[in-house]
Amino acid sequence: MEEQAIIEYLQDYLTPRRKALFEKVLAQRTDHITVVAQDVYQLHNTSAVVRSCDVFGIQNIHVIEEKIPRRIDKEIAMGAQKWVDINRYNSAKDCVKTLREKGYRIIATSPHDESFLLEDFDISQPAALFFGTERDGLSEEILEEADDTIKIPMVGFTESLNISVSAAIILQSLTTKLRNSDVNWQFSEDDKNRIRMDWTKKTVKNSEEILERYKNQ
Ligand SMILES: C[S@@+](CC[C@H](N)C(=O)[O-])C[C@H]1O[C@@H](n2cnc3c(N)ncnc32)[C@H](O)[C@@H]1O
C-alpha cells in the first residue's frame, strides 16, 4: 500500500499524457519472451536489438559479454534502453542457468539449422531467444544447450541476415502470435508497479530528492 502511495506521489509530477502513455505501453509489455545477445561485437547492432525489444514490448534483455570487453554502456545508454531492463553476464553458462531457473526454454536462432521454421514455433512456453555474433553466430555451447532452434526462411544468395534485422523479424512474428494466443503473457500488478516506478524515476527530474522529501514529511 505504501509502495502504491509512493508511486502515485511521484507520478503526480508526470503530465497526464505521459502517464497515459506509460499505462498503454505497460499493458503490452511481456516477459514471456526474452532476448539474449551473445558477444555481439558491433555496438550499433546491440542498440538496434534493444530498440526492437522496446518496440515489440520485450522488457528484459540479456547481454553476454564473455569474449568482448565490457564496452557497450555508452552506446546502449543512448536511447531505448531507458525503457527496458538490461541484464549482463560474464559467461554464457551463467546466463543459461539463470534463464532456465526462471522457467525459460533456451531457443537458439540460426540461419543454418532447419529444425524449426519461425512460423511453426510453439509460443505456449516462456522462450529465451538467443542471437549470435555477426561473424560466427552462436557458440557451440549455446547450440548444444538449446531446446530448439529457429530459422527465418531465406531464399536469396546471402547466407544470413544481420543480427538486429533477424531479431526484429523474429520478435514481430512471435509477439504477434503471442498476443493472438490465450497465453497469460502480461506482467503481474507487482511487476507493473516495479516498472512504473522505474520509468517514473527516470522521467521525473530530481526524483530521488522528491522521494526523500516524501519520506520525511
Ligand atoms: C550474421 S548472423 C551470423 C552468421 C554466422 N556466419 C553463422 O554462421 O551463424 C548473426 C545472428 O543473426 C541471427 N540470424 C541471422 N540470420 C538468421 C536466420 N535466417 N534465421 C534465424 N536467425 C538468424 C542469428 O542469431 C545469428 O547468430
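What follows draws every value from the coordinates through simple rules; no lab data is involved. Because the structure is predicted, anything quoted here is derived from the model rather than measured. Every residue, glycine as well, gets a Cβ built from its backbone with ideal geometry; the counts of neighbours run over all protein chains shown.
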Check your understanding: To the nearest Å, what is the center-to-center distance of the stretch 28-48 and the stretch 174-216, using C-alpha atoms only?
Key -> 19 Å
Check your understanding: Going through the DSSP H helices of the chain, which span 24 Å or more along their own axis at the Cα atoms while scoring at least -1.0 as a mean Kyte-Doolittle hydropathy?
Key -> none
Review point. With charges set only on the Cβ (+1 for Lys and Arg, -1 for Asp and Glu), what does the dipole of the chain come to about its Cα centre, in debye to the nearest 20?
Key: 1060 debye
Practice item. Could you calculate the contour length gain from Arg88 to Phe157, that is, 0.36 nm times the residue separation minus the distance between their Cα atoms, to one decimal place in nm? Key: 21.3 nm
Exercise for review: Among the listed pairs Lys67/Lys97; Lys102/Lys151; Lys24/Lys177; Lys82/Lys201, give every one whose C-alpha distance is greater than 22 Å.
Suggested key: Lys102/Lys151
Study note, to complete from the structure: Amide H neighbours of Val36 at under 5 Å, excluding residues fewer than 5 places away on the same chain, with H built from the backbone geometry, are His62, Leu129, Phe130, Phe131
Study note, to complete from the structure: Assertion target for Val35, Val165, Val155, ordered by fewest C-beta neighbours within 10 angstrom first, is Val155, Val165, Val35
Point to revise | Charge dipole (the chain, unit charges on Cβ, about Cα centre) - positive-most of Phe187, Ile123, Ile169 | key: Phe187
Point to revise | Burial ordering of Arg135, Arg100, fewest other beta-carbon atoms within 10 Å first | key: Arg135, Arg100
Review point. What's the exposure ranking of Phe121, Phe56, going from fewest to most Cβ atoms within 10 Å?
Key: Phe121, Phe56
Point to revise | At R0 = 41 Å, FRET efficiency that the Cβ-Cβ distance of Ser115 and Gln42 yields, to 0.05 | key: 0.90
Review point. What number, rounded to the nearest 500 deg cm²/dmol, is the helix-based mean residue ellipticity at 222 nm of the chain, given -39500 (n - 2.57) per DSSP H run of at least four residues and division by all its residues?
Key: -14000 deg cm²/dmol
**Study point:** Label-reachable residues, the stretch 88-119, where backbone N falls under 16 Å from a point 7 Å from Asn180's Cα toward its Cβ
**Key:** 118-119
Practice item. Counting only DSSP beta bridges with both residues in the stretch 29-209, tell me the antiparallel percent, nearest 5. Key: 10 percent
Revision key, fill the gap. Phi angles of the stretch 146-161, converted by Karplus (6.51 cos²θ - 1.76 cosθ + 1.60, θ = phi - 60°) into ³J(HN,Hα) in whole Hz with x for Gly and Pro, give 4, 7, 8, 10, 10, 9, 7, x, 10, 10, x, 7, 6, 7, 7, 8
